[in-house]
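Data block below; observations after.
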Amino acid sequence: MISQGLVPDLISQGLVPDLISCVTHPWHKETVIPNELPLVQEVTTTLREWASIWRDLYVGDRREMFNSVRDMIYDLIEWRSQILSGTLPQDELTELKQRVTSKIDYGNKALEMEEVELKNESLEMEEELKNRALEMEEEEELKNRFAQTPSFALFVTLKNVVCKIGEDAEVLMSLYDPVESKFISENYLVRWSSQGLVKDIDQLHNLRSVFTDLGSEDLKREKISFVCQIVRVGRMELRDNNTKKLTSGLRRPFGVAVMDVTDIITGKMDDEDKQHFIPFQPCSDLIGYMSYSLFPGLWVTLKLLPGDIHQIRKDFPHLVDRSTAVARKMGFPEIIMPGDVRNDIYVTLVQGEFDKGSKSTPKNVEVTMTVYDEDGKKLENVMFPGAGDEGILEYKSVIYYQIKQPRWFETIKVAIPIEDVNRSHLRFTFRHRSSQESKDKSEKIFALSFVKLMRYDGTTLRDGEHDLIVYKAEAKKLEDSSLYLNVPATKVELEEKGLSTTGKGTHNLGNCTISKDSFQIATLVCSTKLTQNVDLLGLLKWRSNTSLLQQNLRQLMKVEGGEVVKFLQDTLDALFNIMMENSDSDTFDTLVFDSLVFIIGLIADRKFQHFNPVLETYIRKHFSATLAYTKLTKVLKNYVVNAEKLTEQLLKTMKALEYIFKFIVRSRVLFNQFCSFTLVPYCNIFILYYRLLYFHSVI
């Protein structure tokens, strides 16, 4: 408390401003009150408040308002000094007070609005920062997902097709590698009507597809393109008028649209809301017909998603549901989980060369592909021209007008039940199509080619191109499968029989004549049940010839690793079935054990290490050999007892110990569950383990 007697001295010494004075109350408590005029006090308070706002304006770089507030502050400081001077006449002082009051009112109103705006901007900025933080968190989470999963998918939404076609059309979308010049995915097929809308009205605003099974190898591709092919379905030529009755329903090339999606696939660009316009390039004979004022093309959105189709449906239900078309990769994903059964054969119509015969111009060749069994029965709904479309009875190729050497490169997926594959064959018939309906009706099939899906040794048709023989005969004879199934299907088979197609003449084989025409297809088998390896097939079908079982087991350890891991579950099942069905004999135990070590060694290799989860899943969910532990333990014990002889097989066994013990323990657990009680503790197993570790430390 400052005493009353000290105040004059402190003021005189300049330690206390002379603008305050102390008032002592009767009960000896003192209150300090300012000695200024009320207006001066208000100016002082206003200046302090405005100074704080002025600083915020400077920080926010609001220059115009900053300069305005600065001028008002300077005015108030000047007017405050004049009032405090006490030299102004009364009338000038009254006028100055009015100006001060007006300036403060005007400034407060202006700054109040500005403060509200600043507050709003601050809130918006704060909200934006929060959203950005959430986006960064989601991006980080997505990156972690991409880092943890070996599988990816490209999600595509077709927004619109801006193109004057004038007839019904098929819009075929797929992924393409321009460096290797090959398609890497199935087609996603959308049927478009002549009215400019999707044909199936239920798909309106729901044209979505996900291209699955992409892996790390696909992310490393130099370039990946998104290709959209448009095939019109109607007349032979769009320019044809309707004065004559024209053939309809012909598939004719219309054009293509291509977009480089490498940055999207590699994750450098990610904006699912951005619509991409892909300009459309029509076929050369349609350039005059197209109206370029419409800027023909397609509008699509693209987004890369981590995981396989099951994981994607779980993590992105707002994008991918059961109605979304699934276009699979033409090839296996990097990981094939147990239970993932696939039996797809991709057939590509590559090219052909057809003699014009008696016609003055080359033929308009249409290829019709069908699937028949050995009894001549046509298999229904086993061919799929694209994801999003139902199975069809027969597939008709695009027709190229008066072209002697048409090149189609059209791919169809054939999905036949596994039990029917060995009895099935692909049949290709060739027919000239006329633009006039009256002439077209008289045109018959003029040639045929075929190929069996299973080879003579029981393996599936080899991947790659096949030169098929083109046979000619009467149309009715070409429809009878019993007349052609016994003759060679490919030129390779023909050469194996000592015949050649290089001569000028033709060869007669039974009721068929070999034509000088040529026809090539390419096939790719993506099956977890059908193999192209004879040695692996021998093991998988070991019951058909048990006398070759030892040889089959030895040959398994020479099979290429990539083929083994594709059939991992079936191979492991076969090994344990051999062991269990020969439980009263130890003839095959060591060979089965060594084969198991071979498979475990494969998965330990860096090339196939992503199959570790597959093996873990198999042991946990699919392994069921309850007595395998006895035989595995016996063979392992034999290796340990003879550990003094250091062999290559012993070293491989030691490297595979982790999974050998997992199989042993899982088998014993299953046995206990089956018997509902424990007979023998695991001591013997761990004694073997410690003996092996001791031997390993010694050497």
Selected residue [in contact with a helix residue (DSSP H, G or I) (Cβ under 9 Å, 6 or more places away or on another chain) and modelled with pLDDT under 85] from L540, L556, L530
L530
Just for the stretch 147-200: of the residues that are of a type in the set (K, R) and touching a residue at least 40 places away in the same chain (Cβ under 8 Å), which one is farthest from G297 (Cα to Cα)?
R191
Could you figure out which of (1) assigned to a loop (DSSP other than H, G, I, E, B); (2) of a type outside the set (S, T, Y); (3) under 37 Å from the mean Cα position of the chain (by Cα); (4) over 15 Å from L453 (Cα atoms) isn't true of I416?
(4)
Which residues, counting only those in the stretch 555-583, are touching a Ser or Thr at 6+ places or on another chain (Cβ under 9 Å), closer than 19 Å to V597 by Cβ and surrounded by fewer than 14 Cβ atoms within 10 Å (Cβ to Cβ)?
none
Does G464 satisfy being at pLDDT 90 or above and at positive phi?
yes
Taking only the stretch 440-473 into account, find how many residues are in contact (Cβ under 8 Å) with a residue 40 or more places away in the chain and not hydrophobic (A, V, I, L, M, F, W, C).
14
Restricting the first residue to the stretch 500-523 and requiring it to be within 18 Å of N486 (Cα to Cα), which pairs with a second residue that is assigned to a strand (DSSP E or B) and modelled with pLDDT under 70 meet a Cβ separation below 9 Å and a spacing of at least six or different chains?
I514/N508
Of (1) under 26 Å from L111 (Cα atoms); (2) modelled with pLDDT of 80 or more; (3) surrounded by fewer than 16 Cβ atoms within 10 Å (Cβ to Cβ), L76 satisfies all except one. Which?
(3)
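Suppose the filter is more than 25 Å from R252 (Cα to Cα), touching a His at 6+ places or on another chain (Cβ under 8 Å) and either in the same structural domain as I514 (by TED's automatic domain parsing) or surrounded by fewer than 16 Cβ atoms within 10 Å (Cβ to Cβ) (or both); does L461 pass it?
no
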Kindly indicate the residue of the stretch 570-607 that is among the small types (G, A, S) and assigned to a helix (DSSP H, G or I) and also farthest from G331 (Cα to Cα) among those meeting that condition.
S595
Scanning the stretch 335-368 residue by residue, those part of a strand (DSSP E or B) and either at pLDDT below 85 or aromatic (F, W, Y) (or both) turn out to be Y346
Please specify each residue of the stretch 351-400 satisfying the condition of being surrounded by fewer than 20 Cβ atoms within 10 Å (Cβ to Cβ), touching a Leu at 6+ places or on another chain (Cβ under 6 Å) and closer than 23 Å to S482 by Cβ.
E380
So, in the stretch 192-209, of the ones that are hydrophobic (A, V, I, L, M, F, W, C) and in a strand (DSSP E or B), which residue ends up surrounded by the most Cβ atoms within 10 Å (Cβ to Cβ)?
W192
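Rundown of residues vs (1) closer than 18 Å to L572 by Cβ; (2) in a helix (DSSP H, G or I); (3) at pLDDT 90 or above; (4) not polar (S, T, N, Q), yes/no style:
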{"position": "L632", "(1), (2), (3), (4)": "yes, yes, yes, yes"}
{"position": "K645", "(1), (2), (3), (4)": "no, no, no, yes"}
{"position": "Q649", "(1), (2), (3), (4)": "no, yes, no, no"}
{"position": "R668", "(1), (2), (3), (4)": "yes, yes, no, yes"}
{"position": "T678", "(1), (2), (3), (4)": "no, no, no, no"}
{"position": "L692", "(1), (2), (3), (4)": "no, yes, no, yes"}
{"position": "F695", "(1), (2), (3), (4)": "no, yes, no, yes"}
Looking at the stretch 201-214, I want the residues that are closer than 14 Å to A325 by Cα and have a partner that is in a helix (DSSP H, G or I) with Cβ atoms under 8 Å, at least 6 apart or on another chain. Which pairs are those?
V210/I309; V210/I312; T212/I309; T212/I312
Filter result (small (G, A, S) and either out of contact with any Leu (no Cβ under 7 Å at 6 or more places or on another chain) or in a helix (DSSP H, G or I) (or both)) within the stretch 60-74:
S68
Just to be sure, is F671 in the same structural domain as Q555 (by TED's automatic domain parsing), of a type in the set (F, W, Y) and closer than 24 Å to E334 by Cβ?
no
I'd like the full set of residues that are buried (at least 17 other Cβ atoms within 10 Å of the Cβ) and assigned to a helix (DSSP H, G or I), limited to the stretch 620-629.
A628, Y629
Residues of the stretch 61-73 being buried (at least 16 other Cβ atoms within 10 Å of the Cβ) and farther than 19 Å from T101 by Cα, which ones?
R62, M65, F66
Scan the stretch 301-319 for residues that are among the aliphatic types (A, V, I, L, M), over 8 Å from the mean Cα position of the chain (by Cα) and within 15 Å of M269 (Cα to Cα) and report the count.
1
Expected output for the stretch 582-598 (first residue touching a residue at least 24 places away in the same chain (Cβ under 8 Å), partner polar (S, T, N, Q) and surrounded by 19 or more Cβ atoms within 10 Å (Cβ to Cβ), Cβ below 7 Å, 6+ apart or cross-chain) is V597/T653
Tell me, which residue of the stretch 440-458 that is in a loop (DSSP other than H, G, I, E, B) and either over 34 Å from the mean Cα position of the chain (by Cα) or not assigned by TED's automatic domain parsing to the domain that holds T513 (or both) is surrounded by the most Cβ atoms within 10 Å (Cβ to Cβ)?
E443
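The values are calculated or read from the model by the stated rules, or taken from the named source; none is laboratory data. Please read all numbers here as calculations on a predicted model, not as lab measurements. A quick note on method: Cβ atoms are made from the backbone with ideal geometry, for glycine too, and the neighbour counts reach across all protein chains shown.
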